[in-house]
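The values are calculated or read from the model by the stated rules, or taken from the named source; none is laboratory data. Predicted, not measured: the structure shown is a model, and the values here were computed from it. Neighbour counts are summed over all protein chains in view; Cβ atoms, including those assigned to glycine, are modelled from backbone coordinates with ideal geometry. Only protein heavy atoms, including side chains, enter the accessible area calculation; ligands, DNA and RNA are left aside. Shrake-Rupley method; radii C 1.70, N 1.55, O 1.52, S 1.80 Å.
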Amino acid sequence: MIEKKNLVTEKDVFFMKRALRLAEKARGMTSPNPLVGAVLTKNGKIIAEDYHKKSGEPHAEALAILKAKGKAKDAALYVTLEPCCHTDKKTPPCCPSIVKAGISKVFVAMRDPNPKVSGKGIKMLRDHGLIVIEGVLEDKAKKLNEAYCKFIATNRPFVTLKAAMTLDGKIATPEGESKWITGETARKIVHQMRCNSDGVMTAIGTVKADNPELTSRVKCSRQPVRIIIDPALETPPDFNVCSVPPETIFVTRRGNDEKKSVLRAKGLHFIEFTGKRVELPWLMDRLGSMGITSVMIEAGSSFNASTLKAGIVDKVIFFIAPKIICGKASLPVVGGDFFIKLNDAIYLSDITVRMVGADIMVEGYIVK
């Protein structure tokens, strides 16, 4: 029997929203695992709740059941992702624990896209007589785990292009002045975005111009991997990105072995390619094979254009400052030596716009 969404009450939605908020607490800490929250209720009241905190640690459902201390019999479980049923991982599967605890009803926000789980966990629960209701706040659950969903489906990281620009679309003056276009609130959000990403990517032009650290300066349990596109390995060894930790990966051409040996001795890593420039889709495959599930791009005008042209970007976040600097020689947010005709322009969907301090934050998804 397949239970329908129309069996869901306002209270069910309330409990699932709570589970989603719990899952969000671990943002940036669970990769390559998904974000998952779980709430146990009985007679309309919460008896236990928890969330998955880190890869290799117990899952949200198991933690909530443990907290219930034997009182989960005939309870309802609200979970943001389909409970797992396979043993090909570090932690035990959750479905047997749910059945053993005597839980009678399970509300699932979304199915797990992992083929080892997808639909199988729900089937196992139903086969043991549990009522399972799917799709409660499914869209919110999918957005919560957008990086996980893409990584599972393609083995490539979810890519966000972030940029800060003036109202007239500039990211720097002709002399390269760019600090600071946006205000402190926007910059704090960017630091949190770094913390939430597995990797931060930029190109040699930005490294030479700004000598950035590319680290998160908010409370963060781990720093993102820095990925530097530097074909000729021009980065000076005393620049900030050469100080480890955090980990830095240079994407560079084969050769230049003497300089590479110096940088390797400092703890730096390399992805090597042949040819004039790196093929970005190929690079996404390489990063995915390394378990990097999400990448934020913080780069300059030309590289921003290259990432969009290569089709690797999934989401765009632009911070727009209420400033106008003028000048055709000022750098645009997206440059490059090509253009796209209006009929073929890159479109965004699911756009959100909000004020962050005095700046405007525009977020949207690339229509593939």
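Considered as a group, the residues in the range 130-141 that are over 17 Å from E61 (Cα atoms) and open to solvent by less than 60 Å² (accessible area, probe 1.4 Å) include one that is nearest to the chain's Cα centre (by Cα), and that residue is E138.
Taking the residues in the range 27-52 that are aliphatic (A, V, I, L, M) and either at pLDDT 95 or above or loosely packed, with under 15 Cβ neighbours inside 10 Å (or both) as candidates, determine which candidate is nearest to E146 (Cα to Cα). Checked the range 27-52; the qualifying residue nearest to E146 (Cα to Cα) is L35.
Given (1) open to solvent by less than 60 Å² (accessible area, probe 1.4 Å); (2) in contact with an Asp or Glu (Cβ under 9 Å, 6 or more places away or on another chain); (3) of a type outside the set (A, V, I, L, M), identify the lone condition not met by C85. All conditions are met except number (2). The residues listed here are A147, A153; of these, the one that is in contact with a Pro (Cβ under 8 Å, 6 or more places away or on another chain), open to solvent by 20 Å² or more (accessible area, probe 1.4 Å), closer than 17 Å to G28 by Cα and not basic (K, R) is A147. Where helices (runs of 4 or more DSSP H) fall entirely within the range 160-273, none has at least 3 residues that are of a type in the set (A, V, I, L, M) and in contact with a helix residue (DSSP H, G or I) (Cβ under 9 Å, 6 or more places away or on another chain).
In the set (1) in a strand (DSSP E or B); (2) closer than 21 Å to G121 by Cα, D12 fails one condition alone, (1). Annotation note: Cβ proximity below 6 Å between a residue of the range 20-33 that is farther than 20 Å from V108 by Cα and a residue that is assigned to a loop (DSSP other than H, G, I, E, B) and among the acidic types (D, E) (sequence gap 6+ or interchain) occurs for S31/D198.
Beta carbons closer than 6 Å, at least 6 apart along the sequence or on distinct chains, pair a first residue in the range 164-182 that is farther than 15 Å from S302 by Cβ and touching a residue at least 40 places away in the same chain (Cβ under 8 Å) with a second that is surrounded by 15 or more Cβ atoms within 10 Å (Cβ to Cβ) and aromatic (F, W, Y) for A164/F319; T182/F319. Would you mind telling me which numbered condition in (1) modelled with pLDDT of 95 or more; (2) open to solvent by 40 Å² or more (accessible area, probe 1.4 Å) K100 fails? Every condition holds for K100 apart from (1).
For the range 202-223, filtered to residues that are modelled with pLDDT of 95 or more and touching a Gly at 6+ places or on another chain (Cβ under 9 Å), the residue that is most open to solvent (accessible area, probe 1.4 Å) is A203. The criterion of being farther than 29 Å from E10 by Cβ and open to solvent by less than 50 Å² (accessible area, probe 1.4 Å) does not hold for P115. Does K73 satisfy the condition of being not in a helix (DSSP H, G or I) and not acidic (D, E)? In short, yes. Evaluation of S55 against the conditions (1) in contact with a helix residue (DSSP H, G or I) (Cβ under 9 Å, 6 or more places away or on another chain); (2) within 23 Å of P157 (Cα to Cα) shows that the sole unmet condition is (1). Would the range 272-284 turn up any residue that is in contact (Cβ under 8 Å) with a residue 60 or more places away in the chain and surrounded by 14 or more Cβ atoms within 10 Å (Cβ to Cβ)? Checking the range 272-284: at least one residue is in contact (Cβ under 8 Å) with a residue 60 or more places away in the chain and surrounded by 14 or more Cβ atoms within 10 Å (Cβ to Cβ). Taken over the range 177-199, residues that are small (G, A, S) and farther than 16 Å from K323 by Cα amount to 2.
Here V106 clears all of (1) farther than 30 Å from G199 by Cα; (2) open to solvent by 50 Å² or more (accessible area, probe 1.4 Å); (3) at pLDDT 95 or above except the condition numbered (2). Only one entry in T215, T182 is more than 19 Å from the chain's Cα centre (by Cα) and over 30 Å from K105 (Cβ atoms), namely T182.
Looking only at the range 259-271, how many residues end up being over 26 Å from the mean Cα position of the chain (by Cα) and either aliphatic (A, V, I, L, M) or loosely packed, with under 11 Cβ neighbours inside 10 Å (or both)?
Selection size over the range 259-271: 4.
When the residues of the range 357-368 are filtered to those that are modelled with pLDDT of 95 or more and among the charged types (D, E, K, R), the one that is least open to solvent (accessible area, probe 1.4 Å) is D359.
Looking at the range 58-67, is at least one residue assigned to a helix (DSSP H, G or I), among the aliphatic types (A, V, I, L, M) and open to solvent by 60 Å² or more (accessible area, probe 1.4 Å)? Yes: one or more hits.
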